[in-house]
Amino acid sequence: MSSYAGYGIIQRVPYARLAAIDLSYDRIGFERLGLLGVTDGKWMRELWGEPSDHSTAAELYEDMLAADLARLDADRKREDAERMGRFLNDWNKEDEVETPPIRETAPPPRRGLLGWLFRR
């Protein structure tokens, strides 16, 4: 999940599912972690011993990831459909022309002598 899109996926996964993932040293190991160097691996072996497996969370929890991605894709499609429905409803409302109410105009006010002289 090293991309912005991956971060969005992590944000949408319920916390209970993330908390159920076992990312212990013995299960994950360190050889597949790109940021660790040779010296880091040597120190980890000295401190915690050799892990039983060198894997990634994506490999260990592939079925969970696939289910979450399918759910997120379904949510995205539903949101897109709702958004398009709102857009089309608003667009159809713009096509409806509202006729302004017809108001009868009042007769012009009568001008007095000064209004007639000064054209007001």
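General observations
- Figure legend. Inter-residue proximity from the range 102-120: first residues in contact (Cβ under 8 Å) with a residue 60 or more places away in the chain, second residues open to solvent by 100 Å² or more (accessible area, probe 1.4 Å), beta-carbon distance below 8 Å, spacing 6+ or different chains. No pairs are indicated.
- The set of residues in the range 42-61 that are at pLDDT below 85 and open to solvent by 60 Å² or more (accessible area, probe 1.4 Å) comprises S52, D53, E59.
- When G29 is tested against the conditions (1) at pLDDT below 80; (2) on the phi > 0 side of the Ramachandran plot, the lone failure is (1).
- If you go through the range 41-83 and keep only what is hydroxyl-bearing (S, T, Y) and within 26 Å of the chain's Cα centre (by Cα), you end up with T56, Y61.
- Residue check: R111 meets all listed conditions (1) open to solvent by 100 Å² or more (accessible area, probe 1.4 Å); (2) at pLDDT 80 or above but one, namely (2).
- Filter result (free of Cβ contacts under 8 Å to residues at least 12 places away in the same chain, among the aliphatic types (A, V, I, L, M) and over 19 Å from Y15 (Cα atoms)) within the range 31-73: L33, L35, L36, V38, L47
- Odd one out for E31, checked against (1) in a helix (DSSP H, G or I); (2) farther than 25 Å from L72 by Cβ; (3) open to solvent by 80 Å² or more (accessible area, probe 1.4 Å); (4) among the charged types (D, E, K, R): (1)
The values are calculated or read from the model by the stated rules, or taken from the named source; none is laboratory data. Computed from a prediction, not measured in an experiment: that's the story for all the values here. Every residue, glycine as well, gets a Cβ built from its backbone with ideal geometry; the counts of neighbours run over all protein chains shown. The protein model used for the area step is the full one, side chains on, heavy atoms only, and it has no ligands, DNA or RNA in it. Shrake-Rupley method; radii C 1.70, N 1.55, O 1.52, S 1.80 Å.
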